[in-house]
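Worksheet: one structure, shown below.
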Amino acid sequence: MADGKEAILSELENSVKNLQEEAAMEAARKALSAGVSPIDAIEKGLAKGIRQVGEKFERKEMFVVELIYAAEIMSNAIKILEPELRKSKEKRNVLAHVVLGTVAGDIHDIGKNLVRIMLEASGFEVRDIGKDAPIDGFISAAKEMGAEIVGASSLMTTTVSVQKEVVDALRSGGIEAPLMVGGAAVTEAWAKEIGAVYSSDAGSAVSVAKSLVGKGG
Ligand code: B1M
């Protein structure tokens, strides 16, 4: 019987790792009623589980269908936590406008969606252009929205280079908005190299975005 918060985090982690959908939903509900912060439930529970699934997949101990199922379980559990995640959102002026997407060639969007939820909950207006988003999609959305920040997520070593293409296209399109980059395949050094700003997780995406628009970090 899991009653402590640590035990609930382990349940969240294990349910994704072991592909147990009902257990994941139950653990997400338990997390809410036990007062576990939803971001902890995701980062220290569900995400730990899915990263282990990724490692098993890499070692060929799991099939791609199992990877897909684990991602579906995680997304459904996040839906249970999402209303609580958004609770901190107050009626207030928009801090800044952000265009956000996962770069072309990359269909991973769980992390990008979390970044969107956290930014919105913190007062940013976000135009989410989705996953596998073409480079000109970033440019046209940034122009239409008058974005102060553009965000590009990339999970694969094969797609990080597209982030550089996004910065280049922004600059040659006359858009000076900083590019915030993140995702499992991205490092601080890479961000520096391409003239972007790195953010390691959904929580720090908020503080980085705030500091980029001079609203504190
Ligand atoms: Co894929 N996948 N996958 N996958 N997948 C990885 C990335 C991989 C590392 C797994 C592995 O082999 N170990 C590997 C990439 C290897 C490489 O780098 N070359 C891989 C592969 C190979 C693939 C396929 C090619 C598999 C295949 O078909 N043979 C295929 C890709 C197809 C394509 O994109 N063209 C594929 C498909 C999938 C699924 C569809 C099954 C599913 C994604 C479902 C979805 O997103 N809707 C999936 C999953 C789930 C993963 C792993 C296991 C988990 C990713 C995840 O959701 N993490 C992943 C392994 C890993 O990441 N270690 C893997 C949880 C999430 C909360 O974390 O996304 O890191 P993350 O986001 C964090 C931070 O990174 C940060 O904040 C988030 C919240 O804290 N962040 C930002 C993210 N974006 C940000 C943007 C910011 C700021 C911060 O500013 C803009």
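What figure, in Å² to the nearest 10, do you get for the accessible area of T157 with a 1.4 Å probe and non-protein molecules left out?
120
What is the pair-distance distribution P(r) of the range 81-173, computed from all Cα-Cα distances in 5 Å bins starting at 0, with each bin given as a whole percent?
Taking all Cα pairs of the range 81-173, the binned fractions are 3, 15, 24, 22, 18, 11, 6, 1, 0 percent.
In Å², and per residue, what accessible area does the chain have when probed at 1.4 Å with the other protein chains present? Mind showing how you got there, number by number?
On the way: 10640 Å² over 217 residues.
About 49 Å² of surface per residue is accessible.
Keeping all protein chains in place and using 1.4 angstrom, which order do S33, S75 fall into by accessible surface area, from largest down?
Details: S33 100, S75 40 Å².
Output order, biggest surface exposure first: S33, S75.
What residues qualify as long-range amide H neighbours of G151, i.e. H under 5 Å apart, gap of 5 or more or another chain, H built at 1.01 Å from N?
Residues meeting the criterion, in which the H sits 1.01 Å from N, are V99, L100, G101, M180.
To the nearest 0.05, how large is the calculated FRET efficiency for E61 and Q20 if R₀ is 25 Å and r is the Cβ-Cβ distance?
In this case the efficiency is close to 0.90.
Collect residues whose amide H, placed 1.01 Å from N in the peptide plane, falls under 5 Å from the amide H of V126; neighbours closer than 5 in sequence don't count.
Hits under the 5 Å cutoff: V98.
With no solvent and one equal point scatterer placed on each C-alpha of the chain, evaluate the Debye formula and give log10 I(q)/I(0) for q = 0.08, 0.11, 0.16, 0.17 Å⁻¹, two decimals.
Rounded to two decimals, the profile gives -0.29, -0.54, -1.07, -1.16.
Can you list which of the DSSP-assigned H helices in the chain have a Cα extent of 24 Å or more along the long axis and an average Kyte-Doolittle score of at least 0.5?
Numbers: long enough: 64-85 (31 Å, 0.91).
Qualifying helices: 64-85.
Ignoring ligands, DNA and RNA, what percent of the 1.4 Å accessible area of the range 1-139 is carbon and sulfur? Display every interim value, and only then the final one.
Details: 3820 of 7150 Å².
Looking at the range 1-139 in its full context, I get 53 percent from C and S.
Using a basic spin-label model with each label point 7 Å from the Cα along Cα→Cβ, how many nm lie between N93 and D40?
Roughly 3.4 nm, to one decimal.
What FRET efficiency, computed as 1/(1 + (r/R0)^6) with R0 = 22 Å and r the Cβ-Cβ distance, is obtained for S161 and D201, rounded to the nearest 0.05?
On the way: r = 22 Å, r/R0 = 1.01.
About 0.50, to the nearest 0.05.
Considering only DSSP states other than H, G, I, E and B, which chymotrypsin sites (Phe, Trp or Tyr not before Pro) in the range 22-75 qualify as loop sites with at most 15 other Cβ atoms within 10 Å? Could you put the intermediate results ahead of the total?
Values: sites: F57, F63, Y69; in loops: F63.
Filter output for the range 22-75: F63.
When only DSSP loop residues count, what trypsin sites (Lys or Arg not before Pro) in the range 49-80 have their Cβ near at most 11 other Cβ atoms within 10 Å?
On the way: sites: R51, K56, R59, K60, K79; in loops: R59, K60.
In loop regions of the range 49-80 (DSSP not H, G, I, E or B), the sparsely surrounded trypsin sites (Lys or Arg not before Pro) are R59, K60.
Could you tell me which GluC sites (Glu not before Pro) in the range 25-115 are loop residues by DSSP with no more than 14 other beta carbons within 10 angstrom of their beta carbon? All intermediate terms of the calculation are to be shown ahead of the outcome.
Details: sites: E26, E43, E55, E58, E61, E66, E72, E84, E90; in loops: E61, E90.
Listed in order of number, the matching sites are E61, E90.
The values are calculated or read from the model by the stated rules, or taken from the named source; none is laboratory data. Computed from a predicted model, the values in this text were never measured in an experiment. A quick note on method: Cβ atoms are made from the backbone with ideal geometry, for glycine too, and the neighbour counts reach across all protein chains shown. Note: areas computed on protein heavy atoms with side chains; ligands, DNA, RNA excluded. Shrake-Rupley method; radii C 1.70, N 1.55, O 1.52, S 1.80 Å.
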